[in-house]
1. What do you reckon, is D76 at pLDDT 95 or above, out of contact with any strand residue (DSSP E or B) (no Cβ under 8 Å at 6 or more places or on another chain), outside any strand (DSSP E or B) and open to solvent by less than 70 Å² (accessible area, probe 1.4 Å)?
2. Of everything in the stretch 140-164 that's of a type in the set (A, V, I, L, M, F, W, C), outside any strand (DSSP E or B) and touching a helix residue (DSSP H, G or I) at 6+ places or on another chain (Cβ under 8 Å), which residue is most open to solvent (accessible area, probe 1.4 Å)?
3. What is the one condition in (1) assigned to a helix (DSSP H, G or I); (2) surrounded by fewer than 20 Cβ atoms within 10 Å (Cβ to Cβ); (3) of a type in the set (G, A, S) that G167 does not satisfy?
4. Return the pairs, sorted by first residue and then second, in which the second residue is in a strand (DSSP E or B) and surrounded by fewer than 16 Cβ atoms within 10 Å (Cβ to Cβ), the first residue lies in the stretch 38-66 and is modelled with pLDDT of 95 or more and among the β-branched types (V, I, T), the beta carbons are less than 8 Å apart, and the residues are 6+ apart or on different chains.
5. Of all residues in the stretch 10-57, which are among the acidic types (D, E), under 18 Å from G88 (Cα atoms) and touching a strand residue (DSSP E or B) at 6+ places or on another chain (Cβ under 7 Å)?
6. Give me a count of the residues in the stretch 79-109 that are open to solvent by 10 Å² or more (accessible area, probe 1.4 Å), part of a loop (DSSP other than H, G, I, E, B), over 24 Å from Q163 (Cα atoms) and touching a residue at least 12 places away in the same chain (Cβ under 8 Å).
7. Can you spot a residue in the stretch 120-130 that is open to solvent by 10 Å² or more (accessible area, probe 1.4 Å), part of a loop (DSSP other than H, G, I, E, B), within 26 Å of G88 (Cβ to Cβ) and at pLDDT below 95?
8. Looking at this structure, is V60 aliphatic (A, V, I, L, M) and surrounded by fewer than 16 Cβ atoms within 10 Å (Cβ to Cβ)?
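The values are calculated or read from the model by the stated rules, or taken from the named source; none is laboratory data. None of these values were measured; they are calculated from a predicted model. Note: ideal-geometry Cβ built from the backbone for every residue, glycine included; neighbour counts use all protein chains shown. Note: areas computed on protein heavy atoms with side chains; ligands, DNA, RNA excluded. Shrake-Rupley method; radii C 1.70, N 1.55, O 1.52, S 1.80 Å.
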Amino acid sequence: MTCQLIALSFDASDPQRLARFWSGVLGRELADDPEDGFVLLPGGDTEFGIRFLPTQRPKVGQNRAHFDLTSTSLEDQQRTVARALELGGRHIDIGQDPNDDHVVLADPEGNEFCVVGPDNRFLAGCGVIGAVSCDGSQAVGYFWSEALGWPLVWDQDEETAIQSPRGGSKISWGGPPYLPATGKQRLHFDLAPPAGGDQQAEVDRLLSLGAKRIDIGQGGVSWGVLADPDGNEFCVLTPR
């Protein structure tokens, strides 16, 4: 049975502070994570959890993945930006065009995210988190489409995007040029088979699709740690 996307996890120097920031920005309920750290609970069956896990590693370079938050109007976009700034976010410059209709911000630990304008049709109807926008290849978009059983909703000029058949946030990959690798990624996906599924069978299936086993010093844990074809880490949890 195909894995489900359970959560997107942030490595955080101060998980509680970062969780409170994103809880305030997204309006999501905050809870203790069953494993460690904190989690923002999904608000509906098309949403995934957002976990905040402790790390000693400092953030280095620009993340390969970030949230694109949607807006219903220019006033709504301005409110989201103002709320993020009040909670500890800040404006950043990553080389964006000043005429772009999106605002580029960073959370209190420097993780980049965008608040897009209301005219973005590609993210219409996708929810507050319109997309997890990733730096990555066409091949990795194909991999994740097969891994999650989510169809491609964009495949052009080496750019890809997928979305659950139930709707919700898209996951997109921008194609070349690629950001340089800076060690372990700050954000990663957590997958799990559904209740009654087989964790090892899912790991084997993902390996057959092009994933690789990796060792990031995780030790004897109950989840498998893999990397996708672009080298991005992700975890396969026990069935749930």
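1. Numbers: at pLDDT 95 or above: yes; out of contact with any strand residue (DSSP E or B) (no Cβ under 8 Å at 6 or more places or on another chain): yes; outside any strand (DSSP E or B): yes; open to solvent by less than 70 Å² (accessible area, probe 1.4 Å): yes.
It is true that D76 is at pLDDT 95 or above, out of contact with any strand residue (DSSP E or B) (no Cβ under 8 Å at 6 or more places or on another chain), outside any strand (DSSP E or B) and open to solvent by less than 70 Å² (accessible area, probe 1.4 Å).
2. Across the stretch 140-164, the extreme among qualifying residues is W150.
3. Only one criterion is unmet by G167, namely (1).
4. So the pair list comes out as V39/A31; V39/D32.
5. Listed by number, the list holds a single entry, D11.
6. 7
7. No; the residues of the stretch 120-130 include none that is open to solvent by 10 Å² or more (accessible area, probe 1.4 Å), part of a loop (DSSP other than H, G, I, E, B), within 26 Å of G88 (Cβ to Cβ) and at pLDDT below 95.
8. yes
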